[in-house]
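The values are calculated or read from the model by the stated rules, or taken from the named source; none is laboratory data. Since the model is a prediction, treat every value here as computed from it, not as a measurement. Here the Cβ is made from the backbone with ideal geometry for all residues, glycine too, and neighbour counts use every protein chain on show.
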């Protein structure tokens, strides 16, 4: 009887072992997970302008020039109406249905520098939109700090100002913001979580966040004064050993820093010839355990491999959605393959998602009265582009003139400067010709930051020094441009040394005198040394004289069709 029981037990164990072996043998050796990502959405819930893009196989456009915020707007081969929250939601829904295990993540600047609809509602509907999309985690971007660090924290927590929240039902972000390289000045502790770990399908994935170390130069006033921004790669690598001890299958970096690139948004070879910028150096310094870099900041579309590691970016304004597939080997619990595709959010090939479109319509309704207020009729659009071989732009010069005009209504003013990175759209947005009706929404889209205007005193020598700072990065061909008001003129020589690059600096034809004091008008971002123009911080006798948007609206109303005659030959190149 005992022998029979023993035999029965042995038989049972044998059968169980055989079943287990059969199950293991049937299980695939690998599993795939999908990382959907986007960056630099900037509150563009409703996209109504063509988005340039490049198709594989088409000749690359000339190398593009970054603006003050590191954004690049290259002239590409084709364009189509692309982006928009409702169409982005539709594409995401389609792609989620096509894969087994996925997560949606971001790389910063999801809010800030937003169009009038989102900005008037303090970006509250944008945060709600990403809640609806199921965003899981995103890195910080420099524009998340536009209203200051404390205001940003309150916003994502759903804390309303005393006047109340503006978007019905707003309760803050359901997703996490992360940043490994942003620490408190007071105690050197990270300001936000440096990383999070998420379950994606069968595996655990870690996401580390970082934002460009240049953020203090890109944020107005004291918005980030209590914070320190550390070297990106050093801070990121610090957390890798800690993360690895938690049994993750993959580590993904979400970073608001990127590269300039004039090629197609999808390179089948992932070689991306001509890719250049800070993300290349950062990626080369990263721990090899990091399998994927989701980048941003430069508003470029690319799928590239840098030293064997996949690095992606989804352009800007929701024009693309990046889909990256990581193949995980089960036995080693590590990534053995990565492939990526940028999906164009082509409005002509997608249907708007009904729930998302309802949110867009609600924002439009809440802001319609202010947005649609007429301002003026222009003879032709004003553009940010300087044109081939030129320095000035019609819109940049008009804004500088507007600030000077506005300042003279309340006192003396000699000249004005406007930073190119503070101009977010053409006037109006989109391709138009002939007379165009301009409304408040159009001008708000051009200057959405709500900066004050500051009148200050600078000497002629200081003005010359700050103009030289346009080339402080060392690139003779790609300066951080300051547009100048009517009457100020100079020549610049790219072959000359930095101290001699600006030549023949004149005001109304008269050379600026080094010791003479001039009344200068700039926005508060520049006045606080933004974009590295530290000379402005030396200005004395400072006065706040109003808002930049009020100055712009006043001038556009007063000048109307005459703005077509703006002088765009104030700065000339000498070779």
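Here are some notes:
- Options 485, 433, 459, 489; residue that is out of contact with any helix residue (DSSP H, G or I) (no Cβ under 6 Å at 6 or more places or on another chain), modelled with pLDDT of 95 or more, closer than 26 Å to residue 556 by Cβ and not assigned by TED's automatic domain parsing to the domain that holds residue 114: 489
- Put simply, of 100, 163 the only residue that is surrounded by fewer than 21 Cβ atoms within 10 Å (Cβ to Cβ), within 24 Å of residue 222 (Cα to Cα) and at pLDDT below 95 is 163.
- Cβ pairs under 9 Å, 6+ apart, first in the stretch 412-432 and on the phi > 0 side of the Ramachandran plot, second modelled with pLDDT under 95: 430/48; 430/49; 430/50; 430/381
- Test for residue 399: is it in contact with a strand residue (DSSP E or B) (Cβ under 9 Å, 6 or more places away or on another chain) and in a helix (DSSP H, G or I): yes
- Condition met for residue 551 (more than 20 Å from residue 459 (Cβ to Cβ) and either assigned to a helix (DSSP H, G or I) or in the same structural domain as residue 427 (by TED's automatic domain parsing) (or both)): yes
- Test: residue in the stretch 374-392 that is more than 27 Å from the chain's Cα centre (by Cα), more than 30 Å from residue 541 (Cα to Cα) and in a loop (DSSP other than H, G, I, E, B): yes
- Residue match in the stretch 444-452 (condition: modelled with pLDDT of 95 or more, closer than 21 Å to residue 518 by Cβ and over 20 Å from the mean Cα position of the chain (by Cα)): no
The rows are residues; the columns are (1) at pLDDT 95 or above; (2) touching a helix residue (DSSP H, G or I) at 6+ places or on another chain (Cβ under 8 Å).
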residue: 329; (1), (2): yes, no
residue: 353; (1), (2): yes, yes
residue: 359; (1), (2): yes, yes
residue: 362; (1), (2): yes, yes
residue: 368; (1), (2): no, no
residue: 372; (1), (2): no, yes
residue: 387; (1), (2): no, no
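- Of the residues making up the stretch 406-443, those that are outside any loop (DSSP other than H, G, I, E, B) and either surrounded by fewer than 20 Cβ atoms within 10 Å (Cβ to Cβ) or within 29 Å of the chain's Cα centre (by Cα) (or both) number 17.
- Filtered residue count, the stretch 346-367, keeping only those that are surrounded by 12 or more Cβ atoms within 10 Å (Cβ to Cβ) and touching a strand residue (DSSP E or B) at 6+ places or on another chain (Cβ under 7 Å): 2
- Scanning the stretch 335-345 for residues that are crowded, with 16+ Cβ neighbours inside 10 Å and assigned to a strand (DSSP E or B) yields a count of 7.
- Taking residues in the stretch 380-398 that are more than 13 Å from residue 418 (Cα to Cα) and not assigned by TED's automatic domain parsing to the domain that holds residue 492, and partners anywhere that are surrounded by fewer than 23 Cβ atoms within 10 Å (Cβ to Cβ) and modelled with pLDDT of 90 or more, not one pair has Cβ atoms closer than 8 Å while being at least 6 places apart or on different chains.
- Output for the stretch 446-469, where each listed residue is in a helix (DSSP H, G or I) and either out of contact with any strand residue (DSSP E or B) (no Cβ under 8 Å at 6 or more places or on another chain) or without any contact (Cβ under 8 Å) to a residue 24 or more places away in the chain (or both): 461, 462, 465, 469
- Any hit, the stretch 194-211, residues being touching a helix residue (DSSP H, G or I) at 6+ places or on another chain (Cβ under 8 Å), surrounded by fewer than 17 Cβ atoms within 10 Å (Cβ to Cβ) and not in a loop (DSSP other than H, G, I, E, B): yes
- Taking the criterion of being over 19 Å from residue 233 (Cβ atoms) and without any contact (Cβ under 8 Å) to a residue 12 or more places away in the chain, the residues of the stretch 188-199 that qualify are 189, 199.
- Test: residue 40 is at pLDDT 50 or above, surrounded by fewer than 17 Cβ atoms within 10 Å (Cβ to Cβ), in the same structural domain as residue 139 (by TED's automatic domain parsing) and out of contact with any helix residue (DSSP H, G or I) (no Cβ under 7 Å at 6 or more places or on another chain): no
- Against the conditions (1) surrounded by 20 or more Cβ atoms within 10 Å (Cβ to Cβ); (2) closer than 21 Å to residue 249 by Cβ; (3) under 26 Å from the mean Cα position of the chain (by Cα), residue 328 satisfies every one except (3).
- Residue match in the stretch 226-245 (condition: under 22 Å from residue 336 (Cβ atoms), in a loop (DSSP other than H, G, I, E, B) and either without any contact (Cβ under 8 Å) to a residue 40 or more places away in the chain or outside the structural domain of residue 531 (by TED's automatic domain parsing) (or both)): yes
Conditions tested, residue by residue: (1) on the phi < 0 side of the Ramachandran plot; (2) surrounded by fewer than 24 Cβ atoms within 10 Å (Cβ to Cβ); (3) touching a helix residue (DSSP H, G or I) at 6+ places or on another chain (Cβ under 7 Å).
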| residue | (1), (2), (3) |
| --- | --- |
| 126 | yes, no, yes |
| 144 | yes, no, yes |
| 149 | yes, yes, no |
| 153 | yes, yes, no |
| 158 | no, yes, no |
| 189 | yes, yes, no |
| 192 | yes, yes, no |
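- Restricting the stretch 160-187 to residues that are in contact (Cβ under 8 Å) with a residue 40 or more places away in the chain and on the phi > 0 side of the Ramachandran plot leaves a set whose member that is farthest from the chain's Cα centre (by Cα) is 169.
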